[in-house]
Each structure stands twice: as C-alpha cells, then as structure tokens.
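The values are calculated or read from the model by the stated rules, or taken from the named source; none is laboratory data. Since the model is a prediction, treat every value here as computed from it, not as a measurement. Because the Cβ atoms are built from the backbone with ideal geometry, glycine has one as well, and the counts that use them run over all protein chains shown. Surface areas here come from the heavy atoms of the whole protein model, side chains and all, with no ligands, DNA or RNA. Shrake-Rupley method; radii C 1.70, N 1.55, O 1.52, S 1.80 Å.
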There are 2 protein chains.
Amino acid sequence: MHPLQFHITHQDNATKARLGTIVTDHGEIQTPVFMPVGTAGTVKAVTQQQLVDLGAEIILSNTYHLYLRPGHQLIRELGGLHSFMSWARPILTDSGGFQVFSISSLRHITEEGVAFRSHLDGSSHFLSPEKAIEIQICLGADLLMAFDECTAYPSDFLITREGMERTLRWARKSKEAFETHKGVSWPHRQWLFGIGQGGIYPELRRECIDRLLDIDFPGYAMGGLSVGEPKNLMYEMVDLSTDRFPVEKPRYLMGVGTPRDLVECIVRGVDMFDCVMPTRNARNGWLFTREGHIVIKNAQYAKDAGPIDPQCQCSVCRRYSRAYLRHLFHANEILSAILNTHHNLYFYLDTIQQIRDAIASRNLLNYVTEFRSKQEIA
Amino acid sequence: MHPLQFHITHQDNATKARLGTIVTDHGEIQTPVFMPVGTAGTVKAVTQQQLVDLGAEIILSNTYHLYLRPGHQLIRELGGLHSFMSWARPILTDSGGFQVFSISSLRHITEEGVAFRSHLDGSSHFLSPEKAIEIQICLGADLLMAFDECTAYPSDFLITREGMERTLRWARKSKEAFETHKGVSWPHRQWLFGIGQGGIYPELRRECIDRLLDIDFPGYAMGGLSVGEPKNLMYEMVDLSTDRFPVEKPRYLMGVGTPRDLVECIVRGVDMFDCVMPTRNARNGWLFTREGHIVIKNAQYAKDAGPIDPQCQCSVCRRYSRAYLRHLFHANEILSAILNTHHNLYFYLDTIQQIRDAIASRNLLNYVTEFRSKQEIA
C-alpha cells in the first residue's frame, strides 16, 4: 500500500487536538474535517457546486446504497463515482457494513459475510469483506473502509467480543482483497482504513485496536459508536481509542455527530467526522444556530422576520426570514430542504473551521468552554 | 389607475409578434416574456438567486395558495410577497379563480362569488371579486388579475355565455375594488389586468373582449384556454383575441404552455406567458431539448454519459450526465428535482430569448419554421 500522506501541522498543548493535512490525488483535506454524507451519490438537497462553495473538502458516500442502485459496475463503466456525480474532490466510501446491519432485512451472518435482503425491493444479496472491497474499488473512492460488523447497543460482553473478533478477521481479509485489486481500475491512489469495534467495553476496544495495528492500515476509524449509548461512554471510548492509535495516522469517528460531539471529540484527538445530522435534520426543520438549535415549524416563528441565526453569514441567513422558512416547511416545498440543508451544512463546516482556527491560534480551550455553554450535549 | 408603461420596440413584418418592455417599480420586463410559476411563494426546487441567474424577469404566484397558507395578512405584515420571499423583481398574482375551479372541492357559485372547501384541510372559504382583489393588494404584486369564472372544456354555448357574462360583471367589480384599495399599502404601483373568457366560441370571445375594453384595463389576458381543447382551437381563440386587443397594451395568455405553444402564440401577438410545465415536468423527469423532449427515467439513458441536450449551455448540461440524472430520478433524490428544474427553466427562458432575438433580427419566420420541425405540437 502507498503510504498516505498525513502531515500534522499543529499539536494543541492542552488537549489531544491537532491540525493536519491529508493529501490525496483528488486534493488536500484539512483536518479536523467534517465530511457531508452523499448517500446515493448526492448530498441530499445541495448541488455539487454548492458543496464546493460551502468549502466541503471531502464527502462520504455509501457503498450499500450505490451497490444496490445504480450498481458499482455501472458507476465504474461511467468513470467511477467522481466522474459519475461530477465531484472532483476526495471521496470516502464506507464498507456497507453499517447499512447492512441497520437498513436491510433478513440478515444472516456467517464467517464469510452477510446475506441480506435489499431495503429497496427485497432482493437477496451477499456482502463479504472481499465483495465490499471490490465494490469500493469499482466506485473509485480515495479512502475506503474495511468491512466490519457493527455490534448493536446494548450488547453483552461475549456478543461484542465475538463481533470484534469477526471484525478483525474481516479487516485482514479486507486488506488482502484491497492489495489484490487496487491499482487496476484507476490512475488515482486509493487507501484502506481499518475500523475498531468493541462496543462500550474498554478492554475490547483496546485489544481490537492493538490487533488492527498489527494488520497495519494508513488510517483508523472508530465504529459502532453513536448507536444509542450514553454520551459519556462514547467520549470515553473515543478517548481510549485515540490514546492507542499511532499519532502519525488520521483517526476517523464514524457517523458522529452533534456540533457538541465534534468539539468534544476533536479535543480527544479525532481528525475526521461524518454524519447525516446536518442534512437529515435540515429536512426535518431542525436548524443549528450558534446559540443552540431551533425547530422552524414552531408557531413562534410564524411572523419572525429575522434570520435563522443572527450570527450566521450564510447566504440563507443573509436573505431569508424564519417566517418564510417556516412557511416553506409547512407547505412541504423543496426549497425548504434546499435552504435548510445549505444553512446546516454551512453551520457544521463553519464550526469546524472555527475550531481549526482556535487550535491554530492556541485558543482552543477558551473556544471549547464558550461552545459548551451554548451547544447542548445531545 | 396609473397608466402602465408598455413600450413596443419592434413590430414583426410578417407576423403579429412584437418586442416590448413593461416598466414596473420592481424593474423592467422584456416581452415576449415567460413567467416561472411560484405557486406558494417559491418556484419549486429553485432558489431566488438561481431565478435571477436564469434571467427570470418576473414570476407568477398563486393567490389561492397564498391566501390559504400562510395567509395574505401575514404576508402583508411581513412587508408583502416581494419581501416575504426575498424577490426584488416584478410579481404577477393570479386571481385565485382558476384554482378555485380546478383544485378546491364543494364549489358553489353565486353572483357574489364562490364558496369552496380548501384542498389542504377542507375548511370553508369564500372568494369574491372584492376579496380576490383585497388579497392580491395585500400580497403586493405588481400585476394583479381580475376575478373571473373559468369555464370548463367542453361546455355548451349557453353555459359558456353565462360564465362570460359573470366574468364581465366580476371584472367591473374587480376594477372598482382595485380602485378603492390600491395605493394604501405599498409605495410601489400596482396594475389590474382584465381577463377574457368565452370558451371556444369566437363570438363570445370577441364580445367579452369588446365589453372588457369598455371597462378599460392596462393589460388584457386570455383565460380558459389550454384546458383540454384541441390546439388548433386554442390558437384560433388566441388569434381572434389579439386581433381585438388594443395594440398598445400587453396581452397575456394564461397557463400556456409547451415550447411550441409559446412560438405559435408569439407569432399570433401574445406578449406574456406562464405555465407550470417546465417545473412540474422536470419533477416528473420530462426534460426539454432543442430536438424535442426526453423522459429521463427510461432505460436507454442508464449508461448515457452525454448531457440532457448537447446544444444546451446550462450549468446542468455542462456538468451532469443523463446517466447520473436518471439515477437521481430513480433514487427519488431532491437533487433530481433541482437539476431537472434548472435545466427546463433554462430551456424555456433561453427559447424565449432566442425568439426575441429572431424578432429583433427580422428572422422570426425562419426561426419558427426550424422550431416547428423539431418541437412537437403537444
């Protein structure tokens, strides 16, 4: 595997936070980074040009969804996902594991992989480490994820250990498949990240990471978190994981989280995040502000001529009122999703930028204290 | 009523087509003009900035919808529709008549107006000429429409004449209500257009127009067309109407139509059009091209790497493939509506611009001949 260039440019004195740059053949990514989620090859309700304008440096797309529709071979024939969706910047694809466990039906897990029924049409499919890697290589993402088993919360110790052991065996198979097939389809380089599991059990998390390090990946992710466990447990698992990961490689916390989660986990040493929260919540009328969130459908905004967030510089807050956005939401207008999503993504990307600025200016702890006073933990 | 400034800058030699400029306090409108439809205070799936970028000089919004939700008084309190939706250019509102007859239920027509039930919640309402004008004045549109009765197709002569007579009585009442209330709410000027009815009966159309002229409006519309009658009958009604309307006032064909309709009716002397076709069809995957339309969901586009229309310069055709747009449509993604709508509106506004250029360069008949060979009539 080519080494992944990850340059740490600043290490915070008081916390585990750091600034870095990941270098891919589709461009550089400044970390800490938030990756908007483009499940089916589109970040819902925004155009690719808007994503660039918003400053998104990398997006995530879902292997499970693209495999089922339109199919990875079709995307490969059309030049890969970058070309297919007209997105020239980096892409990370997940392994499909999480979706198989959360969306599909009639799952049957064996040592070889998972048989399941499509949530779209009930058709039968089988995902294995080898298949998940083959699909991701066809999609042509820059960063790929090993196929893992995401243990539900709560799960007892023995079940969790079993899933962790399988995740490790699948991680090795994922890497073998990746080494066999990478470099065949695309001129650009691809890298495979390993995923640590272990539920809420510190000893399982630590053991999983130690054994992942033996397999050796250019970056490491924390999986199976933010699945219903208490926040303090999630933060604890993150903390002990980043203590274990090598300093010089990027650390990715999958599927997380609230704005508060980003801050709490950046100080605990996380470099990469993805979450549907800004986009999904936008479509449900949940809008983030620097003073906490507002629910735009509420009657109190019916005649509110002010912007979503008076402190926000986004094009939605500069132009549209809460009253208008409330009307669009109640009228079920597409523009509601468009404007709400734009604002929420701006909020997330702007928050990450402010955190990066605070790290660079050695002001992170003050920033975090202020942030905690305004952003609810859940 | 203030005179409406409408300057005719060019009259075609070979047809009744002309170029003109309507001057409003929210800006000038070059005619012939196509007005995108923003039913509920938003042109579905596009932002206001996109509309400006697309070159839309005026939009239409629906009195019926805005009256029911969020309510005209709320919009008035928030500074009128321009302010509410953040649209600084001209707006035309219809009278609500057509929607009462096409969307609402349990209609009961009397000489005073129409009692009906809301399509949203079944609540009871009453629209009269006076009420329709009051609502439109509150909304603050630049161009308002008289309250009319839209006769269904087919309707026999006597029914149609009855509707035409009522439309004339309501036109007079509309004008009286407008004269009483205009100028109270807004610093900008508003103008009220009359609407000719008469179904497919030439003598009723002519009589209706003659008697509308006696009432005197700054502009005139043709209503009750494109409601199911054969195209040749519609074109005939338009032709005899524009022969009757005064040359110096703008003529508006309501709710029309296909690209071919625009061309056919511009050569028959129409200055203004509105239609949901580009936006609604976009959401259904019906995309206009210079060689006729395509249905993007079709299997033939599954691996088609080309743009919607190779002759199109719009940002969608420059960036996205038919294969990707087909995928977005089948995945029911919001971006499907966004991109399809952008393209279709671009097509309509570009077509109108090309027609204006053809008129200006005295090349209209050649343009029309070429256009007819490529664009189906229905």
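Before we move on, is B:Arg161 more than 23 Å from the chain's Cα centre (by Cα), more than 14 Å from chain A (Cβ to nearest Cβ) and free of Cβ contacts under 8 Å to residues at least 40 places away in the same chain?
No, not satisfied.
When you check B:Gly80 against the structure, is it within 11 Å of chain A (Cβ to nearest Cβ) and either out of contact with any Lys or Arg (no Cβ under 8 Å at 6 or more places or on another chain) or closer than 20 Å to B:Phe273 by Cβ (or both), yes or no? Quick ask: steps written out before the conclusion?
Numbers: within 11 Å of chain A (Cβ to nearest Cβ): no; either out of contact with any Lys or Arg (no Cβ under 8 Å at 6 or more places or on another chain) or closer than 20 Å to B:Phe273 by Cβ (or both): yes.
Criteria not met by B:Gly80.
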Legend entry - Output for the range A:330-351, where each listed residue is facing another protein chain (nearest Cβ under 9 Å) and under 24 Å from A:Gly255 (Cα atoms): A:Ala337, A:Ile338, A:Leu339, A:Thr341, A:His342
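Considering only helices (runs of 4 or more DSSP H) fully contained in the range A:277-350, which possess at least 3 residues that are buried (at least 19 other Cβ atoms within 10 Å of the Cβ), within 21 Å of the chain's Cα centre (by Cα) and in contact (Cβ under 8 Å) with a residue 60 or more places away in the chain? Before the answer, list the steps.
Working: elements: A:277-283, A:315-319, A:322-330.
Ranges flagged: A:277-283.
What do you reckon, is B:Val263 in a loop (DSSP other than H, G, I, E, B) and crowded, with 22+ Cβ neighbours inside 10 Å?
Details: in a loop (DSSP other than H, G, I, E, B): no; crowded, with 22+ Cβ neighbours inside 10 Å: yes.
No, not satisfied.
I need the full set of residues from the range A:83-116 which are at positive phi and away from chain B (no Cβ under 14 Å), in order please.
If the condition is that a residue be at positive phi and away from chain B (no Cβ under 14 Å), then A:Gly96, A:Leu106, A:Gly113 are the ones that fit.
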Inset, instruction - Write out, first by first residue and then by second, each pair whose Cβ atoms fall under 8 Å of each other, whose residues are 6+ apart or on separate chains, and whose first residue, in the range B:104-115, is under 15 Å from B:Leu168 (Cα atoms) while the second is open to solvent by less than 100 Å² (accessible area, probe 1.4 Å) and of a type in the set (S, T, N, Q). - result: B:Glu112/B:Ser128; B:Gly113/B:Ser128
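So that you can scan it fast, the table gives a plain yes or no per residue for (1) within 14 Å of another protein chain (Cβ to nearest Cβ); (2) closer than 25 Å to B:Asp239 by Cβ; (3) surrounded by fewer than 20 Cβ atoms within 10 Å (Cβ to Cβ); (4) among the β-branched types (Val, Ile, Thr):
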residue: B:His10; (1), (2), (3), (4): no, yes, yes, no
residue: B:Thr15; (1), (2), (3), (4): no, yes, yes, yes
residue: B:Val23; (1), (2), (3), (4): no, no, yes, yes
residue: B:Pro32; (1), (2), (3), (4): no, yes, no, no
residue: B:Lys44; (1), (2), (3), (4): yes, no, no, no
residue: B:Ile58; (1), (2), (3), (4): no, yes, no, yes
residue: B:Tyr64; (1), (2), (3), (4): yes, no, no, no
Inset, instruction - Being assigned to a helix (DSSP H, G or I), touching a helix residue (DSSP H, G or I) at 6+ places or on another chain (Cβ under 7 Å) and among the hydrophobic types (A, V, I, L, M, F, W, C) is the filter here, so list the residues in the range A:355-377 that pass it. - result: A:Ile355, A:Ala358, A:Leu364, A:Val368, A:Phe371
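In the range B:66-77, what residues are out of contact with any Lys or Arg (no Cβ under 7 Å at 6 or more places or on another chain) and surrounded by fewer than 23 Cβ atoms within 10 Å (Cβ to Cβ)?
First, the residues of the range B:66-77 that are out of contact with any Lys or Arg (no Cβ under 7 Å at 6 or more places or on another chain): B:66-73, B:75-76.
Of everything in the range B:66-77, those that are out of contact with any Lys or Arg (no Cβ under 7 Å at 6 or more places or on another chain) and surrounded by fewer than 23 Cβ atoms within 10 Å (Cβ to Cβ) turn out to be B:Leu68, B:Arg69, B:Gly71, B:His72, B:Gln73, B:Arg76.
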Inset, instruction - Quick one: count up the residues across the range B:237-260 that are in a loop (DSSP other than H, G, I, E, B), within 23 Å of B:Pro36 (Cβ to Cβ) and aliphatic (A, V, I, L, M). - result: 2
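Taking the range B:46-56, which residues are within 9 Å of another protein chain (Cβ to nearest Cβ) and open to solvent by 10 Å² or more (accessible area, probe 1.4 Å)?
Residues of the range B:46-56 within 9 Å of another protein chain (Cβ to nearest Cβ): B:46-49.
Those that are within 9 Å of another protein chain (Cβ to nearest Cβ) and open to solvent by 10 Å² or more (accessible area, probe 1.4 Å): B:Thr47, B:Gln49.
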Inset, instruction - From A:Ile308, A:Ile359, A:Ile338, A:Ile355, grab the single residue that is aliphatic (A, V, I, L, M) and farther than 28 Å from A:Thr31 by Cβ. - result: A:Ile338
